[in-house]
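Encoded as structure tokens, the structure appears first; notes follow it.
Every read-out reported here was derived from the displayed coordinates using simple, explicitly stated rules and does not represent laboratory data. Just so it is clear, the structure is predicted and the values come from calculations on it, not from any experiment. Reconstructed Cβ throughout: ideal geometry from the backbone, glycine too, with neighbour counts over all protein chains shown.
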């Protein structure tokens, strides 16, 4: 039996929803049990407030935490820890990676990898020098097709911060060329390389100052993505279904975060030639 408390209703709702989705009726019962004299109207009033603040989602007769709010809070606390803690306090935190050190993460599919990758991208964008461009190298920009919501959020955030992002892709298939229309501003530039930069088709990276995020996609899945881009002329519902199925397949995917000034400067020199870099 839950211990009785006089904690605010809002705090109790969020703590309850931390454990998963629950029906509105069950939520009211739980709160009434641990916070005597709480009225149904009082709970509904707080639920409306939390919904307006986009902290929760009410779907039918069920309530759950808003995943976007969870993600924002996760990023908020990660940044707070970075700025308030001594650098030696959390040596495993990827934001505190030191020169020549690296942290390696493994993911069983590309959806899981991209979710963490997006989180790391946002974090480094926050702490790196806003006057320096972010460099992105992708054999194919498949995220713009398979992970549209995540990609749009990222683009919106970078535009709001007037942060320059310079994207280089390695192929000139119809779907690769189509994205030129989407990424056509000084802030968000997109270049299709006219020569081979890297031999590996499964290698992707982002540069933030002297920090590097490198991604190594499962080789078989990388080949399937390549074949998809080669044969697909238009991105319709059928193409979307096929690509989503590919990026959901299990495989060996690796993300490496490191700080390597020499390597980063070499990459920047190679990629920067094809872009207008704002001062």
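With 0.36 nm allotted per residue and the present C-alpha distance subtracted, the residue 194-residue 172 stretch has 7.1 nm of extension available. Computed over region 9-65, the quotient of the alpha carbon radius of gyration and 2.2 N^0.38 Å is 0.98. Overall dimensions of region 100-274, expressed as equivalent-ellipsoid semi-axes from the Cα gyration tensor (√(5λ), whole Å, largest first), are 24, 19, 16.
Extending 7 Å from the Cα toward the beta-carbon at both residue 111 and residue 33 defines two label points whose distance is 3.3 nm. Using the Cβ-Cβ distance between residue 149 and residue 234 with R0 set to 30 Å, the FRET efficiency works out to roughly 0.90. For the chain, the longest principal axis of the C-alpha atoms and the axis of helix 110-127 are separated by about 90°.
Measuring r between the beta carbons of residue 59 and residue 250 and using R0 = 35 Å, the FRET efficiency lands at 0.75. Rounded to the nearest 10 degrees, the angle from helix 237-247 to the longest Cα principal axis of the chain is 90 degrees. Computed per residue of the chain from DSSP H runs no shorter than four, each worth -39500 (n - 2.57), the mean residue ellipticity at 222 nm is -14000 deg cm²/dmol.
Between residue 18 and residue 103, what length in nm is gained on full extension when 0.36 nm per residue of separation is reduced by their alpha carbon distance?
27.7 nm
Name the most mobile residue of 62, 248, 78, meaning the one with the largest mean-square fluctuation, in a Gaussian network model of the chain with Cα contacts below 10 Å. The residue that fluctuates most here is 62. Computed from Cα atoms, the angle from the helix 67-84 axis to the main principal axis of the chain rounds to 80 degrees. Using the Cβ-Cβ distance between residue 40 and residue 70 with R0 set to 22 Å, the FRET efficiency from 1/(1 + (r/R0)^6) comes to roughly 0.25.
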